[in-house]
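As structure tokens, the structure follows; a few thoughts come after it.
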Amino acid sequence: MGALNFVTPEHIVAAASLVREGRVVSLAMPFNSQGPMPDEGRYNPKLTMVHIGEQLLPGGFQYADDTLYMSLQAATQWDALSHAFYDGFMWNGHPVAGSITKEGAQLNSVTSFASGVVGRGVLLDVARHLEVDCLEDLTAITPETLDSVADAEGVTIGTGDIVLVRTGRVGRAIREGNSYSLEGFTYAAPGLSVKCADWLVTHEIAAVAADNVAVEITSPEGADMMMPLHMICQRDAGIPFGELFDLEALSAACAELARWEFLLVAPPLPITGAVGSPVNPLAIL
């Protein structure tokens, strides 16, 4: 389970005590064909109805059934610890060769933490702290910014926390009529700088999620540097990434209540061999 092992039963009991209003906020984007993927390589969810009450069954019983075609990382989702790696090895030193086949990941798949993404969630609302609806394109969030937001919110990030970082990017795309261009939404989105790797590791967080396509900034911060935060955090530190979370409603609720910590319940679907999974994360205040 990687860094999710930091979440002990005692952490979960403490997180449950954060439920005071009984207010539940979904952090999932809509799962539909208008979603954020280019429909090449990764495919947006496409629902097809296969039965719509055409049956003539005893007693007049009828039903509807549907199927869904999508990439498992097409909308709000968790990366498994078999998703990102380098030098041919993934988390826990497992060689990729032979561990990930056409049948799926034999090691480090999402089923490793199917019951393990529950605990204290903390929203670091960077966009609200900077008094903008959305950070500017290509903004790299630094550890100093994360500290400033935590100080302003009066929260302390500690062992076993699940940190959610709001840039405002998913909210902006939805407001703009589901505008998910590769140039703007994917390649220019604001996100965490690779400089945040040490911050995430030394705080012993259990997982990190953000309202963008990759948690980290996708434009290169240095020469020959693609997704370095993925490689460091997922392969070397075992930190799962949650991507494409919709944090707009949670931002409003936290501001209204003047508190930015809550019980987060966000297990992936236990899809055998999957290196990522859709999720409907629930923040319970």
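Going residue by residue through segment 80-88, is there one that turns out to be farther than 17 Å from Gly273 by Cα, over 18 Å from the mean Cα position of the chain (by Cα) and assigned to a loop (DSSP other than H, G, I, E, B)?
yes
Quick grid of which residues meet (1) of a type outside the set (Gly, Ala, Ser); (2) modelled with pLDDT under 95; (3) assigned to a loop (DSSP other than H, G, I, E, B):
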| residue | (1), (2), (3) |
| --- | --- |
| Trp78 | yes, no, no |
| Thr111 | yes, no, no |
| Gly119 | no, no, no |
| Glu131 | yes, no, yes |
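Which numbered condition trips up Thr142, out of (1) surrounded by 16 or more Cβ atoms within 10 Å (Cβ to Cβ); (2) touching a Leu at 6+ places or on another chain (Cβ under 9 Å)?
Going through (1) surrounded by 16 or more Cβ atoms within 10 Å (Cβ to Cβ); (2) touching a Leu at 6+ places or on another chain (Cβ under 9 Å) one by one, Thr142 breaks only (1).
Quick one: is Glu54 surrounded by fewer than 15 Cβ atoms within 10 Å (Cβ to Cβ), touching a residue at least 40 places away in the same chain (Cβ under 8 Å) and farther than 19 Å from Ser277 by Cβ?
Taking the combined requirement at face value, the residue does not satisfy it.
Of the numbered conditions (1) open to solvent by 60 Å² or more (accessible area, probe 1.4 Å); (2) under 19 Å from the mean Cα position of the chain (by Cα); (3) modelled with pLDDT of 95 or more, Lys195 fails exactly one; give the number of that condition.
(2)
If you check Val96 against the conditions, is it of a type in the set (A, V, I, L, M, F, W, C) and more than 21 Å from Pro267 (Cα to Cα)?
The answer is yes for Val96.
I'd like the full set of residues that are among the aliphatic types (A, V, I, L, M), open to solvent by less than 10 Å² (accessible area, probe 1.4 Å) and not in a loop (DSSP other than H, G, I, E, B), limited to segment 232-265.
Once the filter is applied, which keeps residues that are among the aliphatic types (A, V, I, L, M), open to solvent by less than 10 Å² (accessible area, probe 1.4 Å) and not in a loop (DSSP other than H, G, I, E, B), segment 232-265 yields Leu250, Ala253, Leu264.
If you check every pair at least six apart or on different chains, which have Cβ atoms under 6 Å apart with a residue in segment 180-195 that is over 14 Å from Glu144 (Cα atoms) first and a residue that is open to solvent by 30 Å² or more (accessible area, probe 1.4 Å) second?
Hits for this filter: Leu182/Pro38; Tyr187/Thr218; Ala188/Asp137; Ala188/Leu138; Pro190/Thr139.
Any residue at all in segment 202-224 that's closer than 21 Å to Val117 by Cα, in a helix (DSSP H, G or I) and in contact with a His (Cβ under 8 Å, 6 or more places away or on another chain)?
no
I need the full set of residues from segment 68-88 which are out of contact with any Pro (no Cβ under 7 Å at 6 or more places or on another chain) and open to solvent by 70 Å² or more (accessible area, probe 1.4 Å), in order please.
Result: Tyr69, Phe85, Asp87.
Inside segment 89-114, can you point out the residues that are open to solvent by less than 40 Å² (accessible area, probe 1.4 Å), of a type in the set (Val, Ile, Thr) and under 21 Å from the mean Cα position of the chain (by Cα)?
Matches in segment 89-114: Val110 only.
Does at least one position in segment 180-187 carry a residue that is among the acidic types (Asp, Glu), modelled with pLDDT of 95 or more and not in a loop (DSSP other than H, G, I, E, B)?
Within segment 180-187 (the criterion being among the acidic types (Asp, Glu), modelled with pLDDT of 95 or more and not in a loop (DSSP other than H, G, I, E, B)), the answer is no, since none of the residues qualifies.
Just to check your reading of the model, which residue among Gly168, Gly158, Gly177 is open to solvent by 10 Å² or more (accessible area, probe 1.4 Å) and over 18 Å from Glu261 (Cβ atoms)?
After ruling out the rest, the residue left standing is Gly177.
Do we find that Asn280 is of a type in the set (S, T, N, Q), open to solvent by less than 10 Å² (accessible area, probe 1.4 Å), part of a loop (DSSP other than H, G, I, E, B) and within 18 Å of Gln73 (Cβ to Cβ) in this structure?
no
Tally the residues that are within 30 Å of Tyr187 (Cβ to Cβ) and either aromatic (Phe, Trp, Tyr) or in contact (Cβ under 8 Å) with a residue 12 or more places away in the chain (or both), restricting the search to segment 100-129.
Of the residues in that region, 17 qualify.
Run Ala210 past the list (1) of a type outside the set (D, E, K, R); (2) modelled with pLDDT under 95; (3) within 17 Å of Gly242 (Cα to Cα) and report the number of the one that doesn't hold.
Evaluating Ala210 over (1) of a type outside the set (D, E, K, R); (2) modelled with pLDDT under 95; (3) within 17 Å of Gly242 (Cα to Cα) leaves (2) as the failure.
Kindly provide the set of residues from segment 16-51 that are farther than 18 Å from Ser179 by Cβ, open to solvent by less than 60 Å² (accessible area, probe 1.4 Å) and within 19 Å of the chain's Cα centre (by Cα), ordered by number.
Answer for segment 16-51, where residues must be farther than 18 Å from Ser179 by Cβ, open to solvent by less than 60 Å² (accessible area, probe 1.4 Å) and within 19 Å of the chain's Cα centre (by Cα): Val25, Ser26, Leu27, Ala28.
The values are calculated or read from the model by the stated rules, or taken from the named source; none is laboratory data. Fair warning: this is a prediction, and the values are worked out from it, not measured in the lab. Ideal geometry is used to build each Cβ from the backbone, glycine not excepted, and the neighbour counts take in all protein chains shown. Heads up: the accessible areas ignore ligands, DNA and RNA and are worked out on the full protein's heavy atoms, side chains in. Shrake-Rupley method; radii C 1.70, N 1.55, O 1.52, S 1.80 Å.
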